[in-house]
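Just so you know, all these numbers are worked out from the coordinates, no wet-lab data involved. If you're wondering where the values come from, they're calculated on a predicted model, not measured in any experiment. Every residue, glycine as well, gets a Cβ built from its backbone with ideal geometry; the counts of neighbours run over all protein chains shown.
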Amino acid sequence: MLVDSHCHLNFPELSADLGTFLTQMQANQVSHALVVATRPDNIAQVIEIAASQPYLFASVGIHPDEKLPDFKLTPEYLLEYVAHPKVIALGETGLDYHWNKELDMTWQHERFNIHIEVAKKTSLPLIIHTREAAADTYQMLKDAQIESCGAVMHCFTEDKDWARKFLDLGCYISLSGIATFKSATQVHEVAKFVPLERLLVETDAPYLAPVPFRGKLNHPALVRHTAQYIADLRQINLAELAEVTTQNFFTLFTKAVATR
Ligand SMILES: [Zn+2]
């Protein structure tokens, strides 16, 4: 059995045909999926989808690409959602300097810190997005001492040296369909390097479908192709990779165990 540790089943491409994608999950032995919120206006729907099936979970947070000048995040805002039994994580949060080129990134740092503060307060893990911002992401996580809540570096595309540093902070590393792209040699190296007991797999659906579905609509069942590719790289069988990554998911997201 596999777990899709990060997907956006609430996005219209997927939610419009949710039943079909859930059936495909089961048919492909993808037993669980974590549905991740990105904006204030999709949190309720993410929780609703997670609550509709025992094998779905929710994460609550505001994506760093969502500038939302009229929205001011507070710890209380997140805490209210986190009380829901299906909310097992905070995020996705983090830093993104690719889509945000202005010089003053204080707003992103402040928002990231609020997620960190709530994660530590509630002992729920963080789901971290980082793009062209590895050094600052690392420093903020290090300063915050996140050992008590834990974190996963989602859709990890940094190099092996950064992987080592984030692993040293206690983070898990989650790999997406990018791992199956021929040109993604840096991710292939990371896929072989990360200790098996710290590895997760994800789709980030509806984006980043793995080969042979690259460019098409992604959905949780396709995590199987990413897992198979990584298993081949590591020269282990899919069953072993599936078992360990699933175990890792429930080790990190402890609140998921209760409703499993
Ligand atoms: Zn995502």
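May I ask for the distance between the Cα centers of the stretch 30-99 and the stretch 117-139, given as a whole number of Å?
14 Å
What number, in percent, do you get for the relative contact order of the chain if the mean sequence gap of Cα pairs under 8 Å and at least 6 apart is divided by its residue count?
21 percent
Largest first and to the nearest Å, give the Cα extent of the chain along each principal axis.
44, 40, 33
Across the stretch 169-260, what fraction of all alpha-carbon pairs, as a whole percent, falls in each successive 10 Å bin from zero upward?
Distribution as computed: 17, 49, 30, 4, 0 percent.
Too long at a 26 Å Cα-Cα cut-off: which of LYS120/LYS165; LYS72/LYS120; LYS120/LYS192; LYS101/LYS182; LYS160/LYS182; LYS67/LYS120?
LYS120/LYS192; LYS101/LYS182
If we count every other residue with Cβ under 13 angstrom of PRO210's Cβ, Lys/Arg +1 and Asp/Glu -1, where does the sum land? Numbers along the way, then the final one.
Details: positive: LYS182, ARG214, LYS216, ARG224; negative: ASP4, GLU202, ASP204, ASP232.
Residues near PRO210 contribute 0 overall.
Taking the Cα of ARG214, stepping 7 Å toward and past its beta carbon, and measuring to each backbone N in the stretch 114-136: which are under 20 Å?
From the stretch 114-136, the list is empty.
Taking 8 Å as the Cα distance limit and 6 or more residues as the minimum spacing, I'd like the relative contact order of the stretch 13-162 as a percentage.
Relative contact order comes out at 19 percent.
Compare the Cα positions of LEU199, LEU95, LEU9 along the charge dipole of the chain (+1 at Cβ of Lys, Arg; -1 at Cβ of Asp, Glu; about the Cα centre) and return the one farthest towards the positive end.
LEU199
Do the sum for the chain: with -39,500 (n - 2.57) for every DSSP H run of n ≥ 4, divided by all residues, what is the mean residue ellipticity at 222 nm, to the nearest 500 deg cm²/dmol?
Calculated from helices alone, the mean residue ellipticity at 222 nm is -12500 deg cm²/dmol.
How do LYS165, LYS182, LYS72, LYS86 rank when sorted from fewest to most other Cβ atoms within 10 Å of their own Cβ? Walk me through the intermediate numbers first.
Working: LYS165 16, LYS182 8, LYS72 11, LYS86 22.
Listing LYS165, LYS182, LYS72, LYS86 from fewest to most nearby Cβ atoms yields LYS182, LYS72, LYS165, LYS86.
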